[in-house]
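Let me begin by presenting the structure, written as structure tokens, before commenting on it.
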Amino acid sequence: METYASDVVIIGGGIAGITAALELLNQGKKVIIFDRDVEENFGGLAKESFGGMFFVDTPQQRKAGIKDTPELAFKDWCSVAKFAANDRWPKAWAKTYVYNCTAKVYDWLKVQGIKFFPVVHWVERGLFTPGNSYPRFHMVWGTGFELSEVLRKNLLSHPKASTHLQLFFQHKVNKIIEDGNGITGISGIDEASGIPFAASAEATIIATGGIGGNIELVRHHWYKPWGEPPQVILNGAHKYGLGDMHHEVENHRGLVTHLDKMWPYAAGVHHPEPTRELHGLSLVPPKSALWLNYKGERIGPMPLMTAYDTRYLVEQICKQEKKYSWQVLNLKIAYKEFAISGSESNEAMKNKDILGFIKDTLLGNKKLVDKMLTTCEDFVVADTIEELADKMNVLTDTQDIEVGTLESAIGDYDANIDRGPKYFNDDQLRRIAHARNYRGDKVRTSKFRKINDKKALPLIAIREFILSRKTLGGIQTNLKCEVLNNEGTPLSGLYAVGEAAGFGGGGMHGQGSLEGTFLGGCVLTGRVVAYTISGKQLISDG
Ligand SMILES: Cc1cc2nc3c(=O)[nH]c(=O)nc-3n(C[C@H](O)[C@H](O)[C@H](O)COP(=O)(O)OP(=O)(O)OC[C@H]3O[C@@H](n4cnc5c(N)ncnc54)[C@H](O)[C@@H]3O)c2cc1C
């Protein structure tokens, strides 16, 4: 048995754990991070992430003439969160995030060396209830990869790192240790050598992410109103996001809440080069594609389209008899609109290659489209609707798609476009017009493009599965990041941050997110916990 001692032990080296460690070094504390993953993946999911961050009233917004306020943003947040009356800590954390994200996350990240893209993206605008009243999704220049790399490098080059920081990879924590006075440390196993270890500390921080990597657990906690979970759920989360520490917290009477509040995505496809079982990629679904059910019928009456309400998309697909869907488009639409969330699929942005980025934006990401067409099992290509229907049936090994059904779905939509903008009477076309009003979307959204357009062939059908990603619920914490028990009393010496804590309070998003709130929530909770442990306060009460 190897034994270690420190002021603070952090379980998990994702963005939440790294931020906490960085701030703890700033406060002169000694820190050990244990992570189950290999060193190459230090940074966790943030390294793979897109890097969009929700902020309110930033210089980028003001430059675009946007007059955003925390009051409006919190109203929008509550509109999608739909908090229950007893959601005291989730709501308190939501308010804390909205009112402090710019001063305590955006400004702090800029000091760390992070730059943001000048045009703010407008996601989650809301469909039947208000979403983001203004664009708030600020893209890190360099994607989430840059975000995690900058913080990782700042941690490793910290003046106190050589004396105050120890890092252990391939170290899986299994147990939290407790004596009569509270939590005193952890124990686990070095999975590389097989040697057990234990560490004692005055403070233990859980930063182990969500449960989205454990598809069985996702199924177990599946949100009941969505019915039975889909037969196939792809994994778009961390391979060690298994929920083992959530369970261990419960073993010590800590409260874990709202695990049925998840943030899966509707347009998941199999990763062509998987690194985990059922590894999926989350498409940014092309706005001009037709979204069809497993039979090739257009899902409606309100057509499905991204950028308005992610939860609605998932809900509608889960209402179908078979809970996967198709998007049908053509090559021209794909070249203009196709994108995938995450750093690995946005090469130019990840590499901060400004010319490449401008080229991709203006001409479309052809390289990515061509790669997916040739390597992803969920794409089929054809020159006629009949051939497309055949290939869709071959892919699913069914006869679910009837040519006539597919022809009328595509034909009705195309006929609407043929009538001309004055006579459009289709909600997808109305929303395309709305999206194109915003300069951030105009350049990546086709101007009313027909699907079966001879000049834009071949036709493409993409089979899309529900993909597990963020866990909105988690370990309940107060505004100091202290883990609470059933009575609302802190468990002495135990703290939780980031996705493990439901981004604060055991579920600060309620049932839905305005997007970009996850990375920001990790940074804010990571900073707050370091201040708490150092006897200081980052955020004033109320
Ligand atoms: C492709 C993609 C795109 C995304 N895009 C965005 C975006 O644009 N905006 C946004 O806000 N969010 C985005 N996210 C979500 C965001 O990246 C995550 O919510 C966030 O990074 C979670 O950070 P974390 O530190 O809480 O946990 P994680 O990054 O999951 O880190 C947890 C760490 O704990 C370790 N661990 C787990 N269990 C144990 C154990 N028992 N013992 C030891 N170690 C353990 C893991 O190995 C891991 O390194 C995206 C995610 C993905 C995958």
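The values are calculated or read from the model by the stated rules, or taken from the named source; none is laboratory data. A quick note: this is a predicted structure, and the numbers were derived from the prediction, not measured. A quick note on method: Cβ atoms are made from the backbone with ideal geometry, for glycine too, and the neighbour counts reach across all protein chains shown. The area values use the complete protein model at the heavy-atom level, side chains included, leaving out ligands, DNA and RNA. Shrake-Rupley method; radii C 1.70, N 1.55, O 1.52, S 1.80 Å.
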Contacts under 6 angstrom Cβ, first residue in the range 223-246 being within 12 Å of the ligand (Cβ to nearest atom), partner among the basic types (Lys, Arg), 6 or more apart: 235/276; 236/469; 237/469; 239/276; 240/36
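Report whether or not residue 441 is out of contact with any Gly (no Cβ under 8 Å at 6 or more places or on another chain), in contact (Cβ under 8 Å) with a residue 40 or more places away in the chain and closer than 29 Å to residue 137 by Cα.
yes
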Failed item, numbered, when residue 43 is tested on (1) more than 6 Å from the ligand (Cβ to nearest atom); (2) farther than 15 Å from residue 148 by Cα: (2)
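Could you say whether any residue in the range 401-424 is in contact with a Ser or Thr (Cβ under 9 Å, 6 or more places away or on another chain) and at pLDDT 95 or above?
Within the range 401-424 (the criterion being in contact with a Ser or Thr (Cβ under 9 Å, 6 or more places away or on another chain) and at pLDDT 95 or above), the answer is no, since none of the residues qualifies.
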Within the range 288-298, considering residues that are in contact with a helix residue (DSSP H, G or I) (Cβ under 7 Å, 6 or more places away or on another chain) and crowded, with 20+ Cβ neighbours inside 10 Å, the one nearest to residue 123 (Cα to Cα): 288
So residue 358, is it open to solvent by 10 Å² or more (accessible area, probe 1.4 Å) and at pLDDT below 95: yes
Count - residues of the range 33-56 that are surrounded by fewer than 24 Cβ atoms within 10 Å (Cβ to Cβ) and either more than 23 Å from the chain's Cα centre (by Cα) or in a helix (DSSP H, G or I) (or both): 5
Residue list for the range 137-171, filter: touching a helix residue (DSSP H, G or I) at 6+ places or on another chain (Cβ under 7 Å) and assigned to a loop (DSSP other than H, G, I, E, B): 142, 158, 160, 169
Residue satisfying all of: in the range 60-95; touching a strand residue (DSSP E or B) at 6+ places or on another chain (Cβ under 9 Å) and open to solvent by 30 Å² or more (accessible area, probe 1.4 Å); nearest to residue 310 (Cα to Cα) among these: 75
All positions within the range 361-385 that are part of a helix (DSSP H, G or I), modelled with pLDDT of 95 or more and exposed (fewer than 12 other Cβ atoms within 10 Å of the Cβ): 374
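Could you tell me whether the range 326-341 includes any residue that is over 25 Å from residue 406 (Cα atoms) and either in contact with a strand residue (DSSP E or B) (Cβ under 6 Å, 6 or more places away or on another chain) or open to solvent by 40 Å² or more (accessible area, probe 1.4 Å) (or both)?
Scanning the range 326-341 turns up at least one residue that is over 25 Å from residue 406 (Cα atoms) and either in contact with a strand residue (DSSP E or B) (Cβ under 6 Å, 6 or more places away or on another chain) or open to solvent by 40 Å² or more (accessible area, probe 1.4 Å) (or both).
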Of the criteria (1) near the ligand (Cβ under 9 Å from one of its atoms); (2) of a type outside the set (Ser, Thr, Tyr); (3) touching a strand residue (DSSP E or B) at 6+ places or on another chain (Cβ under 7 Å), which one residue 197 fails: (1)
Enumerated strands (runs of 3 or more DSSP E) restricted to the range 452-505, each holding at least 3 residues that are within 19 Å of the chain's Cα centre (by Cα): 459-471
Residue that is nearest to residue 12 (Cα to Cα), among those in the range 172-188 that are more than 16 Å from the ligand (Cβ to nearest atom) and assigned to a strand (DSSP E or B): 184
